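All remarks here apply to the structure that follows.
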There are 2 protein chains.
Amino acid sequence: MMEDGICFEDVLAELEELKRRDLGYTRILSSMCTHPHPIAKIAHNLFLEANLGDPGLFPGTKAIEEEVISMIAALLGDRDATGYITTGGTESNIQAIRAFRNASGKDGENIVVPASAHFSFDKIGDLLRVEVRKAPLDGEFRVDPAAVEDLIDDRTIGLVGIAGTTEYGQIDPIEDLAKIALENDLFLHVDAAFGGFVIPFLDSHPPFDLSVDGVSSITIDPHKMGMSTIPAGGILFKDKRLLELLSTPTPYLTSKAQFSLTGTRSGAAAAATYAVLRYLGFKGFKRVVDRCIRMTKMLKDGASSFGVVPPVEPVMNVLTLEVKDLRQVIRELERSGWRVSVTREGFMRLVIMPHLTEPILQEFLDDLKDATGN
Amino acid sequence: MMEDGICFEDVLAELEELKRRDLGYTRILSSMCTHPHPIAKIAHNLFLEANLGDPGLFPGTKAIEEEVISMIAALLGDRDATGYITTGGTESNIQAIRAFRNASGKDGENIVVPASAHFSFDKIGDLLRVEVRKAPLDGEFRVDPAAVEDLIDDRTIGLVGIAGTTEYGQIDPIEDLAKIALENDLFLHVDAAFGGFVIPFLDSHPPFDLSVDGVSSITIDPHKMGMSTIPAGGILFKDKRLLELLSTPTPYLTSKAQFSLTGTRSGAAAAATYAVLRYLGFKGFKRVVDRCIRMTKMLKDGASSFGVVPPVEPVMNVLTLEVKDLRQVIRELERSGWRVSVTREGFMRLVIMPHLTEPILQEFLDDLKDATGN
């Protein structure tokens, strides 16, 4: 910070110059975030000052949060589930595992997660001092339930299944995991950070949410496919007592206790989430998801037509492709402004978010064809 | 969520109705948050989509974060300090204690914090599985260094001092704590979530920041007296190796690793913080702090004139008052729309934030005089 400030116009000019360095989403096929829905931006602005950490001052914003939780609880198979709006998938996953840990009464606890689990679970292991055991995947990059069972011991407190893996968009066999959880008296958390706003709107899908007996909690991220603003995550617990294990007393605030990981919390992102859910309804979300799935199929068929094929059939709007000389192909695509990412197994990974369009994807296919020498 | 969505105008009408239930800040003397500065709102909007969790896509926003860290590092006594923009004081405090814990190599660790420490330290104790020992305060609600020393044992990993306590705005004797930390080979974290944007601008103040030999890390919250938007916190480490102990590898992102507690992170709040710092500069912040201190003195003198006095001389823009029949007085003030809070010792607590004005405070004094029967 300098001694003197600079004038309003100069600050804006600096900001605009810095913003030009950001890539924007137009040619981004590597991100699970996207443009917020226009109504999300309006709602965000309207509630920009609201702090959900002090709900007595913001009872309207608090009512918004409660309504959002009630809407996503209905979406995810249990209207009576409780939870709150988090900063995103990582906080949601932290809080689920923390609740399991605090409920377990065990020492030297471990959890069993799929090898495909988001890297936030490594963070969680360190943060909460819980061992994170990784179960191998089957040929379609879904966790192998038998392998999960093998990793359970008397210090295991819970299992994790992924509904929409970050790398392949695959859905773990949640019903099988739930059966194992029930048989071994373990909690089961479903990480549907990405899939939560996709799977319910697919034409058909396996049971994956709180409607499955044995699922204890679920993560869903409004700031991914929910087209809300950052930071908007969601955590739901089937049993209210798990949420209560996260409680910290809050003297000198308008509330008596809080469950959230952070103190001050964005009311703006909660309002943005509310606005998108109210505006689109189930039917509107289905249209968005249908469009992304259609574009995914177009991308798969287009790439296949010149011999670039997926290692696994996509089940949602995440497509992986087997590409020779991948690093070089990516460098060439980057020269045309494209951004794609790479799975740990070395496949090209594409996330087909709502900011993409068919003409843009046709351009991408043309460039991919050139870059792969087809 | 309903099957069908509702129209744009109806969503906005609902939001506006809900917003009317929020109190707004005009008569709020209980909050450490305030209206964001107008330039913060503009910057926030400009970067609403930016995700600091994926810096390769947002190099401009990443540059903004680096510049903010460099500005607050200069403000807090060590231009070479490293850190990042967090979601707020709780995340900053979590990360400091987590780094200490990971560096210590001890088992069954404990930290010694002032009895006045923010409730987030109770949360942290649970989250990180670190025992939180609370040292009693002196007659002016600052931690007693001798009491801190008594609580240290061979499992202690670090100490915490508060620069601007939540309840009294007091500054712990950081130099004394630093001496104890150095003598006992312990880390020392300073929680200046509130005070970080106040103390440097007071006409005189004791050393409290990274310039004090022995201070390892410091928390400062742009979304409190920094007049930025939510969520904007800051954590700074004197030694980069502490930050590196928080690293998690991030496959399939544009970065190799991340230090933050959350994954997806608001670029908007970072830009808002940048804008306020650039626009105001040191001199502008001093004007804001001077004004809040002037209003605090007005409130203290006004209340004293009818016999309501502070239990301790205010050192910043937090004022406590000894009020008989406090609960009843608060109920009466609430009827006129005022919100104040209560310290754990039973004093009325007032935070004099930039959203307040002298005419508003005069109205408050008149109502306080009536409510206390003076």
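The values are calculated or read from the model by the stated rules, or taken from the named source; none is laboratory data. Computed from a prediction, not measured in an experiment: that's the story for all the values here. Ideal geometry is used to build each Cβ from the backbone, glycine not excepted, and the neighbour counts take in all protein chains shown.
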Among the residues of the stretch B:1-28, count how many are surrounded by 13 or more Cβ atoms within 10 Å (Cβ to Cβ), under 28 Å from B:PHE364 (Cα atoms) and of a type in the set (Val, Ile, Thr). 1
Of all strands (runs of 3 or more DSSP E) fully inside the stretch B:117-214, the set with 1 or more residues that are touching a Phe, Trp or Tyr at 6+ places or on another chain (Cβ under 8 Å) and within 26 Å of B:ARG291 (Cα to Cα) is B:187-191
Residue count for the stretch A:1-41, restricted to those that are more than 28 Å from A:LEU261 (Cβ to Cβ) and not in a loop (DSSP other than H, G, I, E, B): 16
In contact with a strand residue (DSSP E or B) (Cβ under 6 Å, 6 or more places away or on another chain) and not small (Gly, Ala, Ser): which single residue out of B:LEU151, B:LEU182, B:LEU202 fits that description? B:LEU151
Scan B:PRO206, B:PRO200 and give me the residue that is more than 18 Å from the chain's Cα centre (by Cα) and over 26 Å from B:GLN258 (Cα atoms). B:PRO206
If a residue must be assigned to a helix (DSSP H, G or I) and in contact (Cβ under 8 Å) with a residue 60 or more places away in the chain, how many such residues does the stretch B:42-66 contain? 8
Every residue from the stretch B:189-221 that is farther than 16 Å from B:THR165 by Cα and touching a residue at least 24 places away in the same chain (Cβ under 8 Å): B:PHE201, B:LEU210, B:SER211, B:VAL212, B:ASP213, B:GLY214, B:VAL215, B:SER216, B:SER217
Test B:ARG101 against the stated conditions and say whether it is of a type in the set (Lys, Arg), in the same structural domain as B:GLY226 (by TED's automatic domain parsing) and closer than 27 Å to B:PHE201 by Cα. no
Within the stretch B:299-307, can one find any residue that is buried (at least 24 other Cβ atoms within 10 Å of the Cβ) and closer than 16 Å to A:SER266 by Cβ? no
Considering B:ILE111, B:ILE97, B:ILE69, which residue is outside any loop (DSSP other than H, G, I, E, B), more than 8 Å from every other protein chain (Cβ to nearest Cβ), buried (at least 19 other Cβ atoms within 10 Å of the Cβ) and touching an Asp or Glu at 6+ places or on another chain (Cβ under 8 Å)? B:ILE111
Can you name the residue in the stretch A:72-85 that is facing another protein chain (nearest Cβ under 9 Å) and out of contact with any Pro (no Cβ under 6 Å at 6 or more places or on another chain) and is also surrounded by the fewest Cβ atoms within 10 Å (Cβ to Cβ) among such residues? A:ALA74
Evaluation of A:ASP366 against (1) touching a residue at least 24 places away in the same chain (Cβ under 8 Å); (2) away from every other protein chain (no Cβ under 14 Å) (one fails), failing number: (1)
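Say whether the condition of being outside any loop (DSSP other than H, G, I, E, B) and in contact (Cβ under 8 Å) with a residue 40 or more places away in the chain is met by at least one residue in the stretch B:307-316.
No: zero hits.
Every residue in the stretch A:334-358 that is part of a helix (DSSP H, G or I) and either more than 26 Å from the chain's Cα centre (by Cα) or away from every other protein chain (no Cβ under 14 Å) (or both), please.
A:ARG335, A:GLU358
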By residue number, the members of the stretch A:24-39 that are more than 9 Å from chain B (Cβ to nearest Cβ) and within 18 Å of A:ILE330 (Cα to Cα) are A:THR26, A:ARG27, A:LEU29
Scan the stretch A:246-265 and tell me whether some residue there is surrounded by 19 or more Cβ atoms within 10 Å (Cβ to Cβ), over 29 Å from B:GLU167 (Cβ atoms) and facing chain B (nearest Cβ under 8 Å). no
How about the stretch A:349-370: which of its residues are aliphatic (A, V, I, L, M) and under 20 Å from A:GLY195 (Cα atoms)? A:LEU350, A:VAL351, A:ILE352, A:MET353, A:LEU356
So A:LEU242, is it in contact (Cβ under 8 Å) with a residue 12 or more places away in the chain and either touching a strand residue (DSSP E or B) at 6+ places or on another chain (Cβ under 7 Å) or part of a strand (DSSP E or B) (or both): yes
